[in-house]
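Worksheet for the structure shown next.
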Amino acid sequence: MLMKNAVANFNFAITVFAITLATAALVFAQRANAQQTPAPALPYSPSLNLDSMDKSVDPCVNFYKYSCGGWQKSNPIPPDQTSWSVYGKLYQDNLAFLRGILEQAAAQTAGRDTVTQEIGDFYGACMDESAVNRAGLAAIQPPLDAIAKLQSVPAIAPLAATLTLPFGRTLIFESGSNQDTDNSEQEIADLDQGGLGLPDRDYYTKDDAKSKEIREHYLLHVQRVFELLGDKPEVARKNADDIMRIETALAKASWTRTEQRNPYNLKNKMKVADLERLTPSFDWSAYYRDAAYPKFEIVNVESPKFYKQLDVELKTEPLDTWKTYLRFHVADSYSPFLSAPFVDENFEFYRKYLRGATELQPRWRRCVQCTDYNLGEALGQAYVQKVFSPELKASTLDMVDRIEDAMKERIGQLDWMSPETKQQALVKLAGIRNKIGYPDKWRDYSSVRIRPTDFAGNIERAGNFELHRQIKKIGQPVDHGEWDISAATVDAYYNPQMNDINFPAGVLQPPLYDPRLDDAPNYGNTGGTIGHELTHGFDDEGSQFDAKGNLKDWWTKADREKFDQRTKCVEDQYSSYVVVDDVHLNGKLTLGENVADLGGELLAFMAWKSKTAPLNLQPVDGLTPEQRFFIGFAQWDCANERPDDLRMRATTDPHSPADDRINGVVVNMPEFSKAFSCKPGQPMAKLPDQVCHVW
Ligand SMILES: [Zn+2]
């Protein structure tokens, strides 16, 4: 749950549940079970469910199993899902609910308002599978023709400027805008690394047997895409080798995900003239002109070595190889939205082989998701009207206020931090903007031409709209009302440059936030998530940004050293966890999330205690109030996970696997040991001198 600029920084677009626009294209060709008919309302399940527990397990031995064992047994992973969880299930329930809204909107009745026409026609075009199959490759023939006509390597830049990928992504690298790290009120041009077909640069560089096997499968996938484009098998195979060579070179020059957690690595502001010296073989002025960028002086290049290597590739690879590269990336990116053979190939590699799903999702579900990803703030209007009442907004805002009060108190209590740094931390806390439910002002998509019979075209135009929405920000003041995810998303995030927390209506529904139940499970669950997002402002990465969102050190040197010692405790703890086979969790990559999980739950516990202090709380169903708080916490995260998906996420996901996110937190909380009378030395109770605490 830490999110930066959505277009320029796909690697950062990371959330609780890790649904991001970057993976949206992959997700589209895939995702799971649930109702097969439109749902008239969201189904209800409570935020504390006794049936989800497995009371045969000792909570002091494995608290996650104790709280979620029943859920795991009764919720096997649907064949079209890569994993299954409380979050994932709620999201699927949401999709069934949104489907009803979209089917109604898609009926070509007279007098539809603009928003209804937009979402209805977008969904309708997606659902018209026979039209999509009839169109076949013709849907992407214009960009393929333009690539075929390329006359020279310098002409790549103006062409890449005009070929937008789905969701506003760009070819070869990621280009767009971002907040200036030195002046968070200002948007500037931004360039990030990109251009790879595998999910991360590590896939190209690692030498273990599994990584080699994945690369062999990727080569076969690339070959099949070229065959679908009409190439003979031997040509397609040679093309795949060419793709692998270019991508491997670019991958080696890319930051690792861990290196990207250091914001100073990513801050490299320069003049366009400097950029031209970094990649002289790329015609930047033609690129920016043809992509319709406004005039600007400064661009931040997040990964200079990537752009240096790009120059080497442009100088050494012949024009034909570059044409091959561009052709593949256009076809691969659009595959989920093309005819059945492309959809199937995309599913087979990205979803089935890499992540373990065994079936393609039904088309309606892919189409609802696709509408949400492309026109989220149109669809969101219909959604919040039905599921997010003013009372719900008021009660969740009250919870946010109480968790913030707890953080204020907690900062005051920290025994390791000096008064000077505490003062600054309080300023930062007071500066956090709370955005709850949905945006105050909805995005206007009326300039996107949406046709009821042209699905791939709609994807292209919506992607173009998103890219140019980002580009147009350059030179403009920052819009603090902007959201990076849609109102229907079951997720939340903190953005360090905005210094805001964002909780869409989708994540404030049962069983996560449950207005029918009392505070104990709700504070354990949603209270903990609110605390998690707040703590992100003070994790290894967020703590380097000040109250205004500027990259500015507000710590004394001594306090920073103590902070680093404390985060090292968390890093070492999680590094010791095994994810699958011999793959360990990357304690550095997951550090921010783990610090946020622990801090969040501590804050939620404090806030809950303070709110309920005047009450004489009694046990319910044989569980004490404290036990119910902690079970509520664990049950936000009940999940079943596939080994293949866990393996991929160990490389790409800053979040730890589900069981570690629960057990890894409670072992550090004496409040938990006390609630369940765990004895020192039991697995869920660290000895007092081993406990990690940051915030
Ligand atoms: Zn997070």
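Rule-based calculations on the coordinates, nothing more; no lab input. None of the values given here were measured: they were computed from a predicted structure. Note: ideal-geometry Cβ built from the backbone for every residue, glycine included; neighbour counts use all protein chains shown.
Which distance in nm do the two modelled labels at Ala292 and His693 give, with both placed 7 Å along the Cα-to-Cβ direction?
5.6
Taking every DSSP beta bridge with both residues inside the chain, roughly what % is antiparallel (nearest 5)?
Counting only bridges with both partners in the chain, antiparallel ones make up about 70 percent.
Would you work out which of Ile77, Cys126, Leu95 lies farthest towards the positive end of the dipole of the chain, given +1 charges on the beta-carbon of Lys and Arg and -1 on that of Asp and Glu, about the Cα centre?
Cys126
Which of the peptides 180-191, 551-562 is most tightly packed, and how do the rest follow, judged by the mean count of other Cβ atoms within 10 Å per residue?
Output ranking for 180-191, 551-562: 180-191, 551-562.
Can you bin the stretch 181-247 into rounded, prolate or oblate? Criterion: square roots of the alpha carbon gyration tensor eigenvalues sorted a ≥ b ≥ c, rounded for a/c under 1.5, prolate for a/b above b/c, oblate for the rest.
Details: a/c = 3.99, a/b = 1.86, b/c = 2.14.
In terms of gyration-tensor shape, oblate.
Arrange the peptides 145-151, 636-642 so that the one whose residues have, on average, the most other Cβ atoms within 10 Å appears first. Let's see the in-between values first.
Details: 145-151: 12.9, 636-642: 22.6.
Highest to lowest by the protection proxy: 636-642, 145-151.
Which whole-number percentage describes the relative contact order of the stretch 516-675, with Cα contacts under 8 Å and a sequence gap of 6 or more?
Relative CO of the stretch 516-675 lands at 35 percent.
Could you calculate the contour length gain from Ala107 to Glu420, that is, 0.36 nm times the residue separation minus the distance between their Cα atoms, to one decimal place in nm?
Working: separation 313, 0.36 × 313 = 112.68 nm, distance 6.18 nm.
My answer for the length gained is 106.5 nm.
For the stretch 560-631 and the stretch 269-332, what is the separation of their Cα centres, given in Å?
So the two Cα centres are separated by 43 Å.
To the nearest 0.05, what FRET efficiency results for His584 and Gln151 with a Förster distance of 35 Å applied to their C-beta separation?
It comes to 0.10.
Let's test this: bin the Cα-Cα distances of the stretch 192-296 at 10 Å from zero up to the farthest pair and state each bin's percent.
P(r) over the stretch 192-296, rounded to whole percents: 12, 31, 31, 21, 5.
On a C-alpha basis, how far is the centre of the stretch 45-105 from the centre of the stretch 406-479 in Å? Whole number, if you could?
29
Once every Cα of the stretch 552-614 carries one equal point scatterer and solvent is ignored, give the base-10 log of I(q)/I(0) from the Debye formula at q = 0.15, 0.28 Å⁻¹, two decimals.
-0.65, -1.09
For Ser85, which sequence-distant residues (separation of 5 or more, or a different chain) have an amide H within less than 5 Å of its own amide H, given hydrogens modelled in the peptide plane?
Asn640
Report the Cα centroid-to-centroid distance between the stretch 122-172 and the stretch 196-244 in angstrom, as an integer.
21
Would you calculate a helix-derived [θ] at 222 nm for the chain, using -39,500 (n - 2.57) for each DSSP H run of n ≥ 4 and dividing by the full residue count, to the nearest 500? Let's see the in-between values first.
Values: 28 runs with 343 residues, N = 695.
Using -39500 (n - 2.57) per qualifying helix, the result is -15500 deg cm²/dmol.
If each residue of separation counts as 0.36 nm, what is the full-extension length gain between Cys569 and Ala131 once their alpha-carbon separation is subtracted? Provide the component values of the computation, followed by the final result.
Details: separation 438, 0.36 × 438 = 157.68 nm, distance 5.66 nm.
Full extension of this stretch gives 152.0 nm more.
Quick one: order Glu297, Glu404 by neighbouring beta-carbon count within 10 Å, fewest to most. Provide the component values of the computation, followed by the final result.
On the way: Glu297 12, Glu404 20.
With the fewest neighbours first, Glu297, Glu404 line up as Glu297, Glu404.
Quote the FRET efficiency, to the nearest 0.05, computed for Lys393 versus Ala41 with a Förster distance R0 of 30 Å and r equal to the Cβ-Cβ distance.
According to the calculation, E is roughly 0.95.
For the chain, find the longest principal axis of its Cα atoms and tell me its angle to the long axis of helix 625-634, 0 to 90°, nearest 10.
Computed tilt is about 10 degrees.
Thr624 label point, 7 Å along Cα→Cβ, cut-off 16 Å on backbone N: hits in the stretch 513-528?
Of the residues in the stretch 513-528, 520-521 have backbone N under 16 Å from the label point off Thr624.
Defining a contact as two alpha carbons under 8 Å apart and six or more residues distant in sequence, what relative contact order in percent does the chain show?
23
Which length gain, in nm to one decimal place, applies between Leu617 and Lys252 when the Cα-Cα distance is subtracted from 0.36 nm times their residue separation?
Taking Leu617 through Lys252 to full extension adds about 125.6 nm, to one decimal.
What do you get when you divide the Cα radius of gyration of the chain by 2.2 N^0.38 Å, with N the number of residues?
Against the empirical 2.2 N^0.38 Å value, I get 0.94 for the chain.
Which residue, chosen from Leu512, Ser610, Met684, occupies the Cα position most advanced towards the positive end of the dipole of the chain, where the dipole is computed from +1 (Lys, Arg) and -1 (Asp, Glu) charges on Cβ about the Cα centre?
Leu512
If you rank Glu313, Glu213 by fewest surrounding Cβ atoms within 10 Å, what's the result?
Glu213, Glu313
Spin-label point model (7 Å from Cα, Cβ direction): what's the Ser610 to Lys548 distance in nm?
2.9
Taking the Cα centre of the chain as origin, work out the dipole magnitude from +1 charges on Lys and Arg Cβ and -1 charges on Asp and Glu Cβ, in debye rounded to 20.
Values: 77 positive and 97 negative charges, 73 e Å.
The dipole magnitude comes to about 360 debye.
Give the angle, between 0 and 90 degrees and rounded to the nearest 10, that separates the Cα long axis of helix 591-612 from the longest principal axis of the Cα atoms of the chain.
40
Hey, fewest Cβ within 10 Å first, where do Phe545, Phe676 land in order? Kindly include the intermediate steps, with their values, before the conclusion.
Values: Phe545 24, Phe676 20.
In order of increasing Cβ crowding within 10 Å: Phe676, Phe545.
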